[in-house]
Amino acid sequence: MTSPFIAIEGIDGAGTTTLMHNLQDRLTAEGHKVHITSEPSRGEVGLFIRRMLSPDHPLEPDSTTLALLFAADRRLHVLTEIQPALAEGVVVLSDRYILSSMAYQSIGEDPAWVRSLNDRVPLPDLLIYVDIDPDVAMARITARGKTLERLERLDFQRRVRENYLEMLAKWPGASVRFSGEDTPDVLTQQALSCIAPLL
Ligand code: TYD
């Protein structure tokens, strides 16, 4: 059996990054080789997207451009980083993947078009969706004290969450949904019990 590819999803402030790091620690302690990654990726397209999402970047990207860029970044991410790691038997955990584009870029774009842009990359073996009230998530983001990115606005995040729930219900692959208001330990334990059969 090849190693599993697991995508972790949720609105900004849901706690996906913390969950990914906790899973990495636990799986590594159990003797598995683990590669953690995220989207936008650390590749050139991903870094360009991150710069454009910063509110002081002179170019304000429209939703069509963002959908195309995220899809291109994902394709390169899969080819250069995810598939090579899986081929070596390494468990890959990605903080965001296809469902992020479905949830965020479907605001302003036809969801079927966004899906079709992402049909040249594989589905993850497991999709973990961390659900959270957007008010709670925004309070967490604000408490970090960093400059907010362009998409980190409460009204927008509410629509993203609605999209996540709608798209998750139609997701063609294996998926689980957890509450981001549970403690990090509980979340990690729940996720591990779903990952264990894939190892
Ligand atoms: P995020 O995970 O918040 O990165 P970081 O925690 O390093 O700031 O991702 C940045 C933003 O990009 C976030 O608001 C979600 C958005 N995004 C999309 O709109 N579509 C996508 O396909 C992806 C991967 C991210």
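Between Ser175 and Leu127, the built amide H atoms are under 5 Å apart, and every one of these is 5 or more places off in sequence or on another chain. Within the shell of other residues whose beta carbon sits under 15 angstrom from the beta carbon of Leu198, the net charge comes to 0, with Lys and Arg scored +1 and Asp and Glu -1.
Seen through its C-alpha gyration tensor, with square-root eigenvalues sorted a ≥ b ≥ c, the stretch 149-199 comes out oblate because a/c lies at 1.5 or above while a/b is not bigger than b/c. Is the shape of the stretch 67-191 best called rounded, prolate or oblate, per the rule: a/c under 1.5 gives rounded, else a/b larger than b/c gives prolate, else oblate, with a ≥ b ≥ c the square roots of the Cα gyration tensor eigenvalues? Oblate shape, in that a/c is at least 1.5 and b/c is the bigger or equal ratio. Amide H to amide H distances under 5 Å link His35 with Val91, Val92, Leu93, where only residues 5 or more positions off or on other chains count and H is placed in the peptide plane.
Dimensions of the stretch 21-81 from C-alpha coordinates, computed as largest minus smallest value along each principal axis and given longest first, are 46, 25, 17 Å. Among rounded, prolate and oblate, which fits the stretch 1-158 when a ≥ b ≥ c are the square roots of the eigenvalues of its C-alpha gyration tensor, a/c under 1.5 means rounded, and a/b larger than b/c means prolate? Because a/c hits 1.5 or more and a/b fails to exceed b/c, the stretch 1-158 counts as oblate.
Values quoted throughout were computed directly from the atomic coordinates according to the rules given, and no laboratory measurement underlies them. Note that this is a predicted model, so its numbers are computed, not measured. Glycine gets a Cβ as well: all are built from the backbone with ideal geometry, and neighbour counts include every protein chain shown.
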